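Take a look at the structure set out below.
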Amino acid sequence: MPSQIPDVTLNNGVRMPVLGFGVFQVPAEQTEQTVTDALAAGYRHIDTASAYQNEQAVGRAIAASGIPRDQLFVITKLWVADAGEEGAKRAFDTSLRKLSLDYLDLYLIHQPFGDYYGSWRAMQELYKQGVIKAIGVSNFYPDRLIDLIDHNEITPAVNQIETHPFFQRGADHTLMTEHGIAHESWGPLGQGRTDLFDNPVLTKIAAAHDKTVAQIALRWLLQRDIVVIPKSVRPERMAENLDVFDFTLTGDEMALIATLDTGASSAFDHHDPAGVHWLGTARFE
Ligand code: NDP
C-alpha cells in the first residue's frame, strides 16, 4: 500500500487529499474498471465532470468499492451549457443522481463562460443547504477570479487550472494563496505529452532520485502546495503516480524545474474567441 496521502484544509475547513485521480478522456465503458483499480490502489479523491460523460460509471465503482462515503472526496463540474441559476441546480441534481451520491465534496464551475455568476449563486445556495461540502471553479484566470470574489458572498475554495512544468502558473498561484484558494492542477503530466517525459532536466532529476519523470512532475507540484489529479488507465502507473511521498526535491532541483516554464498553455487558449465559442456551444448528454 502507498503511504498515507496527506490532506489540505480548504478555506471552509473541509479537508481534501492533495493527490487524487482524474478521469478525463477515460471512455465511459472503461471508467468503472479504471476507478475500481484506482480505489484499490489507494486513491480516495476522484475528479470527474458532467462533460466527461462518465459520472454514472464513477458512481458504480464508488458504490461497488464499499469504501465509507466519508473517506472519499468526489469532485464533479458544471458544464457551460448548464450555466445560470436554474440550469446549475438542474445540472447539480443530474450529476448527483448519475454519481448515485447524496452529497458532493466539491462542485466546480468547469469554465468561466456563460452565466457563471448565476451558477455561482445557485452553488452558494446548495452549499448552504449542505449538499455540497465545498464550491470552487476551474480554468479561471486571475482577472475572472478576482471579479467573482469581489461580487459574491463566498470565495471559491479551489481553482482547478492547467499546471505542469511547462505552464507553471506562478502569478495565479500567488493570487490564489492571497485569497485562501487551493490551487489544483489539471494535466499535471502535461496530458501525457512525450516532450515532458523526454525532457533532459526532468530525466536527470528523476535518475538522481531513482524515480520516474511522472513522479518528479507530481512531487514538484506537491512541493509548491498544488493539489494533483493525474489520470491513468493502467494500474502500474496508478501506483507509480501515488508513490511520491518518500522523497523531496532540493531547492536547486525546484529552481531547475522552474526554468522549464513557457508561460503558455499546452492545451487550450481561454482567450481565443473560436475556442470560447466552441466550449460555449458544446453539449454533453
Ligand atoms: P495528465 O497530465 O494526468 O496525463 C494523463 C496522460 O498521461 C495519459 O495519457 C496517461 O496515459 C499518461 N500517464 C499517466 N501516468 C503516467 C506515467 N506514470 N508515466 C507515463 N505516462 C503516464 O492529463 P489529464 O488531462 O488527464 O489531467 C488530469 C485530470 O485533470 C483529468 O483526468 C481531469 O480529471 C482533470 N482535467 C480537468 C480539466 C479542466 O478543464 N478542469 C481539463 C483537463 C483535465 P495512460 O492513461 O495510458 O496511462
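The values are calculated or read from the model by the stated rules, or taken from the named source; none is laboratory data. Everything numeric here is computed off the predicted structure, so don't read it as measured data. We place every Cβ from the backbone using ideal geometry, glycine too, and count neighbours over all the protein chains shown. In case anyone asks, the SASA skips ligands and DNA or RNA and just uses the protein heavy atoms, side chains included. Shrake-Rupley method; radii C 1.70, N 1.55, O 1.52, S 1.80 Å.
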- Return yes when ALA182 is at pLDDT 95 or above and either open to solvent by less than 70 Å² (accessible area, probe 1.4 Å) or within 16 Å of GLY20 (Cα to Cα) (or both) and no when it is not. yes
When every residue in segment 7-27 that is closer than 16 Å to ASP47 by Cβ and small (Gly, Ala, Ser) is compared, the one surrounded by the fewest Cβ atoms within 10 Å (Cβ to Cβ) is GLY20
Residue pairs qualifying under the 9 Å Cβ cut-off, at least six apart or on distinct chains, with the first in segment 84-99 being over 20 Å from ASN54 (Cβ atoms) and of a type in the set (A, V, I, L, M, F, W, C) and the second being open to solvent by 50 Å² or more (accessible area, probe 1.4 Å) and part of a helix (DSSP H, G or I), are ALA88/ASP82; ALA88/ARG121
Subset of segment 202-214, residues within 12 Å of the ligand (Cβ to nearest atom) and either aromatic (Phe, Trp, Tyr) or open to solvent by 10 Å² or more (accessible area, probe 1.4 Å) (or both), comes to LYS211, THR212, VAL213
>> Considering only segment 40-52, I want to know if a residue exists there that is modelled with pLDDT under 95, within 15 Å of the ligand (Cβ to nearest atom) and more than 25 Å from ASP93 (Cβ to Cβ).
In response: no
Expected single match for buried (at least 21 other Cβ atoms within 10 Å of the Cβ) and over 27 Å from LEU242 (Cα atoms) among LEU189, LEU145, LEU126, LEU175 is LEU145
Those residues of segment 123-149 which are in contact with a Leu (Cβ under 9 Å, 6 or more places away or on another chain) and either of a type in the set (A, V, I, L, M) or more than 16 Å from ALA83 (Cβ to Cβ) (or both) amount to MET123, LEU126, VAL131, ILE132, LYS133, ALA134, ILE135, VAL137, PRO142, LEU145, ILE146
query = For segment 231-253, does any single residue satisfy the condition of being near the ligand (Cβ under 10 Å from one of its atoms), small (Gly, Ala, Ser) and open to solvent by less than 30 Å² (accessible area, probe 1.4 Å)?
reply = yes
| message | It is to be established whether one or more residues within segment 56-63 are within 12 Å of the ligand (Cβ to nearest atom) and either closer than 28 Å to GLY192 by Cα or surrounded by fewer than 23 Cβ atoms within 10 Å (Cβ to Cβ) (or both). | response | yes
The lone condition PHE140 fails out of (1) touching a Pro at 6+ places or on another chain (Cβ under 6 Å); (2) part of a helix (DSSP H, G or I); (3) among the hydrophobic types (A, V, I, L, M, F, W, C) is (2)
The residue from ASN152, ASN199, ASN139 that alone is on the phi > 0 side of the Ramachandran plot and either at pLDDT 95 or above or open to solvent by less than 30 Å² (accessible area, probe 1.4 Å) (or both) is ASN139
